[in-house]
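Asks: Please see the structure below; I have some questions.
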Amino acid sequence: MSETKRTTLPNARTTPRFAGPCTFCRYPLLELVESEHLPVDWAIYGAPFDSGVTYRPGTRFGPRAIRDASQYVKPYSIPHDIDITEALSLADAGDAPVNPFDCKQNAERIYEFARDLPDPDHTRLMAIGGDHSIAYANIRATWERRGKPEGGLPLIHFDSHLDTVDMTLGEKWSHASPFIRAVEGGFIDPKRMLSVGIKGPLNTKTDLAYAKEHGVTIVTYEQFQAEGTRTIDAFVNELGEEPCYLTFDIDVIDPAYAPGTGTPSMGGITSAEAFALLRRLAGIEVVGADVVEVLPDRDVAQNTALLAGHIMFEILCLDAVRRRDR
Ligand SMILES: [Mn+2]
């Protein structure tokens, strides 16, 4: 392992997990990270915005709920045999200054906050939603911090929905549209976009048209059931070590396991299947990520928020494993 920088955590054997300030996974606040641990490898920040939703609001409370639940997300992964706080320097960068009244202006504000976080050449960004519209801002900032790669970043996308609707209720900026806007901006490459877990029913068959016409690889939940990881593995093999962005909408999970979300789509992958799918991605290079659409007011026993914290942990594991094995 080449990295010598580490994240210092409170010792859970002497300072219990229910005590102390509530940052993501108890990582230090970015402004309090000791200089020897700078620059951090990942800055995790909240984007508490939900005015882009088409159905039930409330994900603006997602970042706080996920931070709270994440106190019980521990740093050592058995399947990867890695302690991410030994492999990575990690910090909680607080929340972006959202505008709850204007979806387009909000996307601009989150983008500017993310773009201006310190050490753009080194520090990768993980955003906690908020609704899925916030992904646009973090993708745009990540693309820019990576030197604006021509053609855009490859995107691995877990979701019930494609989120490539051009316009909803007369509005071009919403949680139904982040990826069509990101494609138009040149930040992601639809020909290297993989959407996993898509399920219906949809409003119309034409909801699939944009993604199909632009070369997105779609693996519906039914297809995943029938063929397993065949298409996903082929996409990942093709991707190789190319830097990519990962976006995870918690509504890809069967609401039986993750009820706390605003546009629930019944059926879908279990939490255990989601972990297995993410671990299977080991070897890819994730340069930015988000986990979105946790709605605490609908969350039974806070397990959707806890699941989101573990999904974020699994994504960080991918980078920890890559650094160890390269
Ligand atoms: Mn979504």
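The values are calculated or read from the model by the stated rules, or taken from the named source; none is laboratory data. Owing to the predicted nature of the structure, the values given are computational and were not obtained by experimental measurement. We place every Cβ from the backbone using ideal geometry, glycine too, and count neighbours over all the protein chains shown.
Asks: Kindly establish whether Asp254 is within 13 Å of Gly197 (Cα to Cα), buried (at least 19 other Cβ atoms within 10 Å of the Cβ) and within 16 Å of the ligand (Cβ to nearest atom).
Replies: When the stated conditions are applied, Asp254 passes them.
Asks: Could you tell me how many of the residues in the stretch 300-310 are surrounded by fewer than 24 Cβ atoms within 10 Å (Cβ to Cβ) and either β-branched (Val, Ile, Thr) or not in a helix (DSSP H, G or I) (or both)?
Replies: Selection size over the stretch 300-310: 1.
Conditions tested, residue by residue: (1) modelled with pLDDT of 95 or more; (2) of a type outside the set (Phe, Trp, Tyr); (3) within 15 Å of the chain's Cα centre (by Cα).
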position: Phe101; (1), (2), (3): yes, no, no
position: Asp116; (1), (2), (3): yes, yes, no
position: Asp131; (1), (2), (3): yes, yes, yes
position: Gly147; (1), (2), (3): yes, yes, no
position: Gly152; (1), (2), (3): yes, yes, no
position: Phe158; (1), (2), (3): yes, no, yes
position: Val165; (1), (2), (3): yes, yes, no
position: Glu171; (1), (2), (3): yes, yes, no
position: Ser174; (1), (2), (3): yes, yes, no
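Asks: Additional query: Can you tell me which residue in the stretch 132-161 is farthest from Val291 (Cα to Cα), limited to those that are within 16 Å of the ligand (Cβ to nearest atom) and among the aromatic types (Phe, Trp, Tyr)?
Replies: Among those that are within 16 Å of the ligand (Cβ to nearest atom) and among the aromatic types (Phe, Trp, Tyr), it is Tyr136.
Asks: Just to be sure, is Pro79 surrounded by fewer than 18 Cβ atoms within 10 Å (Cβ to Cβ) and not acidic (Asp, Glu)?
Replies: Yes, satisfied.
Asks: Okay, moving on. Assess whether Leu239 counts as being modelled with pLDDT under 95 and aliphatic (A, V, I, L, M).
Replies: Taking the combined requirement at face value, the residue does not satisfy it.
Asks: Answer with yes or no whether Pro259 is in contact (Cβ under 8 Å) with a residue 24 or more places away in the chain, buried (at least 16 other Cβ atoms within 10 Å of the Cβ) and assigned to a loop (DSSP other than H, G, I, E, B).
Replies: For Pro259, the condition - in contact (Cβ under 8 Å) with a residue 24 or more places away in the chain, buried (at least 16 other Cβ atoms within 10 Å of the Cβ) and assigned to a loop (DSSP other than H, G, I, E, B) - is met.
Here's the yes/no breakdown for (1) touching a helix residue (DSSP H, G or I) at 6+ places or on another chain (Cβ under 9 Å); (2) under 24 Å from Ala141 (Cα atoms):
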residue: Tyr221; (1), (2): yes, no
residue: Glu242; (1), (2): no, yes
residue: Gly260; (1), (2): yes, no
residue: Gly268; (1), (2): yes, no
residue: Val286; (1), (2): yes, yes
residue: Asn303; (1), (2): yes, no
residue: Leu307; (1), (2): yes, no
residue: Glu314; (1), (2): yes, yes
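Asks: Name the residues in the stretch 213-230 that are more than 16 Å from the ligand (Cβ to nearest atom) and without any contact (Cβ under 8 Å) to a residue 24 or more places away in the chain, would you?
Replies: Glu213, Glu222, Gln223, Gln225, Ala226, Glu227, Gly228, Arg230
Asks: Are any residues in the stretch 262-290 within 16 Å of the ligand (Cβ to nearest atom), within 16 Å of the chain's Cα centre (by Cα) and not in a strand (DSSP E or B), and if so, which ones?
Replies: Hit for the stretch 262-290 is Ala274, nothing else.
Asks: I would also like to ask the following. Output the qualifying pairs, or none if there are none: Cβ atoms under 9 angstrom, residues six or more apart or on different chains, first residue in the stretch 133-161 and of a type outside the set (Phe, Trp, Tyr), second residue at pLDDT below 95 and not in a helix (DSSP H, G or I).
Replies: Final answer for the pair search is Ser160/Gly200; His161/Leu202.
Asks: If we keep just the residues of the stretch 192-231 that are outside any loop (DSSP other than H, G, I, E, B) and among the basic types (Lys, Arg), which is nearest to Leu246 (Cα to Cα)?
Replies: My answer is Arg192.
Asks: Inside the stretch 12-40, can you point out the residues that are under 16 Å from Ala91 (Cα atoms) and part of a loop (DSSP other than H, G, I, E, B)?
Replies: Gly20, Pro21, Cys22, Thr23, Tyr27, Pro28, Val33, Glu34, Leu38, Pro39, Val40
Asks: Another question, then. When you scan the stretch 177-187, how many residues do you find that are away from the ligand (no atom under 14 Å from the Cβ) and under 15 Å from the mean Cα position of the chain (by Cα)?
Replies: The number of residues fulfilling the criteria is 0.
Asks: While we're looking at this one, here's another question. So which of Leu194, Leu125 is touching a His at 6+ places or on another chain (Cβ under 9 Å), at pLDDT 95 or above, of a type outside the set (S, T, N, Q) and more than 11 Å from the ligand (Cβ to nearest atom)?
Replies: So the residue among Leu194, Leu125 that is touching a His at 6+ places or on another chain (Cβ under 9 Å), at pLDDT 95 or above, of a type outside the set (S, T, N, Q) and more than 11 Å from the ligand (Cβ to nearest atom) is Leu194.
Asks: Restricting the search to the stretch 32-58, which residues are over 24 Å from Leu295 (Cβ atoms) and modelled with pLDDT of 95 or more?
Replies: Pro39, Val40, Asp41, Trp42, Ala43
Asks: I'd like the residue in the stretch 162-176 that is more than 15 Å from the ligand (Cβ to nearest atom) and either of a type in the set (S, T, N, Q) or assigned to a loop (DSSP other than H, G, I, E, B) (or both) and, out of all such residues, is surrounded by the fewest Cβ atoms within 10 Å (Cβ to Cβ).
Replies: Residue satisfying both the conditions and the ranking: Gly170.
Asks: Among the residues of the stretch 101-146, write down those that are crowded, with 22+ Cβ neighbours inside 10 Å, among the charged types (D, E, K, R) and within 14 Å of Gly185 (Cβ to Cβ).
Replies: Arg140
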